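Peer 1: First the structure, then my questions, so here it is.
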Amino acid sequence: METPLREPTFLILTALAGEPLHGYGLIAEVDRLSEGRIALRPGTLYGALDRLTDAGLVDVDREETVDGRLRRYYRLSAPGATLLTEETERMRRNVEAASSRLSLRVNPAGGLA
């Protein structure tokens with residue numbers, strides 16, 4: 001899997017870091033985590049889950065039948081957790097660098113110089 005991760009991929013992995021989720025639960029959690037900025041469609045989500053599963057970053061946790069329909073739950077794998085940790089740290093360092101640079105530009109009135 002290439003890094004940096006695209007934001008939807010990062011958010012899918014982040015959502016699965018909490019607990020196993022099924023498709024609709026993932027869509028809702030990504031929406032919540034992104035404060036509505038990322039609205040995954042089912043086709044996009046399941047394509048991403050297939051790629052993440054093939055890459056070993058996500059595993060199928062379990063399947064159950066609800067109202068006659070198969071519901072598959074996914075969980076973050078150990079390699080997925082490692083990648084998410086590394087990507088989170090990379091982004092944290094970037095935020096620190098940007099914040100540091102921006103703090104140098106703040107003028108006494110509170111705006112940017």
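Peer 1: Which value, to two decimals, describes the C-alpha radius of gyration of the chain once divided by 2.2 N^0.38 Å?
Peer 2: Normalised by 2.2 N^0.38 Å, the Cα Rg of the chain equals 1.34.
Peer 1: Using +1 at the Cβ of each Lys and Arg and -1 at the Cβ of each Asp and Glu in the chain, identify which of Tyr73, Gly25, Pro4 lies farthest towards the dipole's positive end.
Peer 2: The listed residue farthest towards the positive side: Pro4.
Peer 1: Could you sort the peptides 67-74, 27-34 by per-residue average Cβ neighbour count (10 Å cutoff), highest mean leading?
Peer 2: Answer by packing, highest mean first, reads 27-34, 67-74.
Peer 1: If you place +1 on the Cβ of every Lys and Arg, -1 on the Cβ of every Asp and Glu, and leave all else neutral, what size is the dipole of the chain about its Cα centre, to the nearest 20 Debye?
Peer 2: Using only the charged Cβ atoms, the result is roughly 420 debye.
Peer 1: For the chain, set up a GNM with springs between Cα atoms under 10 Å and report which of Glu63, Glu86, Glu96 has the largest fluctuation.
Peer 2: Answer for the Gaussian network model of the chain: Glu96.
Peer 1: Pull out the extension gain between Arg72 and Thr44, defined as 0.36 nm times the separation in residues minus the alpha carbon to alpha carbon distance; nm, one decimal. Could you put the intermediate results ahead of the total?
Peer 2: Working: separation 28, 0.36 × 28 = 10.08 nm, distance 1.60 nm.
Fully extending the segment from Arg72 to Thr44 adds 8.5 nm.
Peer 1: Which one of Thr85, Thr65, Thr44 has the biggest mean-square fluctuation once the chain is modelled by GNM with Cα springs under 10 Å?
Peer 2: Result: Thr65 has the largest fluctuation of those listed.
Peer 1: Consider a paramagnetic label point 7 Å from the Cα of Val60 along Cα→Cβ; state which residues of the range 6-45 have an amide N under 15 Å from it.
Peer 2: Label zone hits: 21-23.
Throughout, read-outs are computed from the coordinates displayed, never taken from laboratory work. Because the structure is a prediction, the values reported are computed rather than measured. All Cβ positions, glycine included, derive from the backbone under ideal geometry; neighbour counts span all protein chains shown.
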